[in-house]
Amino acid sequence: MSELFEFGKNILESQPFSVLLGTELEVFEPGLANLSLKVRDQLKQQHGFVHGGVISYLADNALTYAGGSVLGDSVTSEFKINYLRPAIGKKLLATASVLSAGKNQAVCQCNVIAIGDDGECTVAVAQGTITRVAK
């Protein structure tokens, strides 16, 4: 495991909300981050698919991981999400990458994919600006 990946795992483990949801870091390398989440009933809304807030959280965190991989300690300054279809499956995977990065901010994109017995389906796309934390 790379030093960057180990650092990313430690950050995720220090986020109480991420621990509560059971988020896992799958890929963390310069310009790229993949976060996943096992779907369980507590994460669903009344129609039986994953709540939009959960999808939004996962996209936001993946965007910030991708940006942080090139900027260092960072936070989301803004992001937009488009929900494409209901998230139905056993697992969600958010794959984020850096589109453009400068010294203090990066613009990143993310696809959120639902994975189930019937295969994979993109359920949301997001884009955001990630800003380096001033020290």
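Laboratory data are not the source of any read-out in this text; all were calculated from the coordinates shown. The structure presented is a predicted model; accordingly, all values stated were derived computationally and were not measured. Note that we place each Cβ from the backbone using ideal geometry, even for glycine, and neighbour counts take in every protein chain shown.
Taking the stretch 29-49 as the search range and keeping residues that are of a type in the set (S, T, N, Q) and surrounded by fewer than 16 Cβ atoms within 10 Å (Cβ to Cβ), which one is farthest from Asp73 (Cα to Cα)? In this case the residue turns out to be Gln46.
For the stretch 57-79, taking the residues that are under 14 Å from Ala94 (Cα atoms) and surrounded by fewer than 23 Cβ atoms within 10 Å (Cβ to Cβ), the one that is nearest to the chain's Cα centre (by Cα) is identified as Asp60.
Residues that are over 28 Å from Asp117 (Cα atoms), β-branched (Val, Ile, Thr) and under 13 Å from the mean Cα position of the chain (by Cα) are absent from the stretch 14-32 altogether. Checking the stretch 13-28 against the condition returns a match, with at least one residue being among the hydroxyl-bearing types (Ser, Thr, Tyr), under 25 Å from Ala134 (Cβ atoms), touching a residue at least 12 places away in the same chain (Cβ under 8 Å) and surrounded by 17 or more Cβ atoms within 10 Å (Cβ to Cβ).
Per the listing Phe49, Phe7, the residue uniquely aromatic (Phe, Trp, Tyr) and over 21 Å from Ala106 (Cα atoms) is Phe49. Here Val54 meets the list (1) under 16 Å from the mean Cα position of the chain (by Cα); (2) in contact (Cβ under 8 Å) with a residue 40 or more places away in the chain; (3) surrounded by 15 or more Cβ atoms within 10 Å (Cβ to Cβ) almost entirely, failing just condition (2).
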